[in-house]
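What follows is one structure encoded as structure tokens, with my remarks underneath.
The values are calculated or read from the model by the stated rules, or taken from the named source; none is laboratory data. Predicted, not measured: the structure shown is a model, and the values here were computed from it. Because the Cβ atoms are built from the backbone with ideal geometry, glycine has one as well, and the counts that use them run over all protein chains shown.
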Amino acid sequence: MTCKPSTLPPEMEIDIPVIAAKYAEERGRRLQSDGGHKFVRPIGVFEGQYAADPHTPLIQREPVTETIDVIILGAGFSGILTACHLTDAGVSNFRNVDLAGDFGGVWYWNRYPGIQCDNDSYCYLPLLEESDFMPSKKFSDGGEIYSYCKYLAKKFGFHDRALFHTLITSLIWDEEEKYWLVATNRGDSIRARFVVMATGVLNMPKLPNIPGIEEFEGKIFHTARWDYSYTGGSYENPVLDKLVDKKVAIVGTGASAIQAIPNLGKYAKQLYVLQRTPSSVDERPNPPTDSAWVESLKPGWQRERKANFQRAAMEFFQPGEQDQVCDIWTEISRDLAAELQAEGWPELSPQQFAARREVVDYRVMERLRRRVESVVDDPQTAEALKPYYRFLCKRPLSNNEYYATFNQPNVHLIDVAATRGVQRMNVGGFIAQGVEKEVDCMIFASGFEVTSDLERRWGIDVVQGRNGQSIYDYWRNGPLTLHGIMTHGFPNQFFLGYIQGGLNATTTEQFGRQGYHVAYVISEALKRGLNFVQPTREAQEAYVRHFQEVEVDTSQFQRECTPSYFTNEGQVKAPWALFRGYGLGWDAFEKLLQDWRDAGTMEGLELAR
Ligand code: NDP
């Protein structure tokens, strides 16, 4: 698969200083003094937004009392991939534990109508070559990914061992016995030698703290807990026919919202879309998987495709390299590579390269803005839907039906940027731009807690390591780790996610490689009869120092961006900033870990039997 560069033709060149000023103005309208951190915890009256599972009935079971080698918190992709690698490494005495009713993580919970992967499925779905599976199209439907999660768990043989609908409430290190004591909301009491925190990044639905939210007497739910019993239809067949006489409001216009809105617009009597910041939404060609292409693939193709995507999205193509992924994520690199190719790949300093890239960024975003006006009939609505910020300030999206939905007479865009969000809710509806609207239902497509405090995101009351120390205190100002995976004072515990490690454009690749490393350490410890493994303080300090020394300073970019969880809601250098990755790049990080494993000495770890 190859694709062409897509920069604007020269006659449509843009006035960059004017656009830059507009970016700054739009950013100013959205900045919040609290960094966007005012969210309602989804408990109490909002319990259904988090704890209740609308998808699978709760099955009563006896509490489990046992001693096992490994407990994995989470059954999403990071938990699944760790389990696959543990299995491959010969470890089988483990369980995944999850609040959900099955494997899948975000793909279990998120079943809103229209859900589809935003990334190339041939990259995003992990272990395709190992599992003999091929996605049916470029951007898989959510259902296909959810099924694939369960398929992997069955294929690797750990599906039946999981404990579902189970929330871990405390994790306490037993120094005497060298076990983690794990308690759950189902009365389980498990001693686990090793604990893997595969808790996910988008696990905790975020409800904005809109004044009066608790007064609203209509139906309310979050996109990650879609209630088909209210809307009609089902995950498999999203005919939302119970909404035909309903007035519905949806808060948010991010990745989830733009997929759900066309379906809501089709059925709701009236639909109000409450937008604070517009997303950039490209068209989405989504062809079925070409069997001739599948036949042509050589072993190792998925790894190569992911590496190609990584270069396009986070680094840069090598001279002559073809873009294999060919979508909005790779457009800037594709266009710039074409320009440099035409110029015979001139020598450029990093500053010159960044400046060239920025110009292409402006052009691509301008193309996306012009796409809005080419689809949306009403000029005022079209203008309000245009994204005025740099690429990657927010997650780039694609959808063929989103913009056209605003041409329907029952669909109304309400801009709530001026009031930094929805002004107020009351018994019957909401107030925005000073106007009160009655609605039957408020749907929150308001995202997830990504950069808030760890205890809010994990939802585990107690995580206590040696000497009674809480990890929440130890990491109060951000994580301290060796390789982003282990931390001093919390033996036999492993962390997956965006924590002081390498960053990969394919999240499942990043989590999968972390899971691989964790599986190596655990399996080696078990083989060597070790019951205590933790980084030494010195090794941890040296790694953290190295991580900070090589870190790329993105604060300028963040300072100029419209706030979102991609940019820590406007907080530059937030302690839990999502994308603070290893500055020397993904390959260098992978090599660092590979060399460490190859040495076989577990350098920097304190080991005991
Ligand atoms: P996002 O965080 O991307 O979007 C939340 C939306 O809610 C934003 O438009 C935000 O506005 C708005 N919002 C939040 N608070 C308020 C408020 N008080 N008033 C008005 N608006 C508000 O969440 P999503 O669920 O859309 O997506 C989260 C992530 O989930 C994605 O970025 C992606 O990583 C993942 N996802 C992945 C998919 C995939 O295919 N792989 C598909 C769907 C989601 P503002 O921008 O101004 O903050």
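Laid out as a table, the results:
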| quantity | calculated |
| --- | --- |
| Hey, Gly187 modelled with pLDDT of 95 or more and either assigned to a loop (DSSP other than H, G, I, E, B) or surrounded by fewer than 17 Cβ atoms within 10 Å (Cβ to Cβ) (or both) or not | yes |
| Residue within region 287-307 that is surrounded by fewer than 23 Cβ atoms within 10 Å (Cβ to Cβ), within 29 Å of Val411 (Cα to Cα) and not aliphatic (A, V, I, L, M) present | yes |
| Residues of region 200-232 satisfying the condition of being more than 15 Å from the ligand (Cβ to nearest atom), surrounded by fewer than 24 Cβ atoms within 10 Å (Cβ to Cβ) and not aromatic (Phe, Trp, Tyr) | Glu215, Glu217, Gly218, Lys219, Asp227, Ser229, Gly232 |
| Selection count, region 565-609, where residues are modelled with pLDDT of 75 or more and under 22 Å from the mean Cα position of the chain (by Cα) | 9 |
| Selection status of Pro113, assigned to a loop (DSSP other than H, G, I, E, B), of a type outside the set (S, T, N, Q) and crowded, with 24+ Cβ neighbours inside 10 Å | yes |
| Qualifying residue in region 286-298 (condition: within 16 Å of the ligand (Cβ to nearest atom), assigned to a loop (DSSP other than H, G, I, E, B), at pLDDT 95 or above and over 30 Å from Lys437 (Cβ atoms)) | yes |
| Checklist (1) within 15 Å of the ligand (Cβ to nearest atom); (2) assigned to a helix (DSSP H, G or I) applied to Val325, failing item | (2) |
| Any helices (runs of 4 or more DSSP H) falling wholly within region 518-609 and containing at least 2 residues that are among the hydrophobic types (A, V, I, L, M, F, W, C) and over 21 Å from Leu31 (Cβ atoms) | 537-550, 586-599 |
| Long-range neighbours under 6 Å by Cβ, at least six apart or interchain, first residue small (Gly, Ala, Ser) within region 167-193, second not in a strand (DSSP E or B) | Ser170/Asp461; Gly187/Pro63 |
| Answer from Ala337, Ala417, Ala384 - the residue that is under 29 Å from Ile115 (Cα atoms), crowded, with 17+ Cβ neighbours inside 10 Å and over 23 Å from the mean Cα position of the chain (by Cα) | Ala384 |
| Residues of region 123-142 satisfying the condition of being away from the ligand (no atom under 14 Å from the Cβ) and touching a residue at least 60 places away in the same chain (Cβ under 8 Å) | Leu127, Leu128, Glu129, Met134, Ser136 |
| Every residue from region 403-423 that is more than 11 Å from the ligand (Cβ to nearest atom) and either touching an Asp or Glu at 6+ places or on another chain (Cβ under 6 Å) or not in a loop (DSSP other than H, G, I, E, B) (or both) | Tyr403, Ala404, Thr405, Asn407, Val411, His412, Leu413 |
| Meets criteria (surrounded by fewer than 18 Cβ atoms within 10 Å (Cβ to Cβ) and more than 30 Å from Leu240 (Cβ to Cβ)) for Glu438 | no |
| Pair list, Cβ under 9 Å, 6 or more apart: region 348-365 residue part of a helix (DSSP H, G or I), other residue basic (Lys, Arg) and buried (at least 16 other Cβ atoms within 10 Å of the Cβ) | Glu358/Arg390; Asp361/Arg390; Tyr362/Arg390; Met365/Arg390 |
| Residues of region 213-245 satisfying the condition of being in contact (Cβ under 8 Å) with a residue 12 or more places away in the chain, in contact with a helix residue (DSSP H, G or I) (Cβ under 9 Å, 6 or more places away or on another chain) and assigned to a loop (DSSP other than H, G, I, E, B) | Trp226, Asp227, Gly232, Gly233, Tyr235, Glu236, Pro238, Val239, Leu240, Val244 |
| Unique residue being within 16 Å of the ligand (Cβ to nearest atom) and at pLDDT 95 or above when the list is Thr487, Thr506, Thr451 | Thr506 |
| Conditions (1) in a helix (DSSP H, G or I); (2) modelled with pLDDT under 95: number failed by Ile80 | (2) |
| Region 83-100, residues that are over 22 Å from Ala445 (Cα atoms) and assigned to a loop (DSSP other than H, G, I, E, B) | Ala89, Gly90, Val91, Ser92, Asn93, Asp98 |
| Tally of residues being modelled with pLDDT of 95 or more and at positive phi across region 190-217 | 0 |
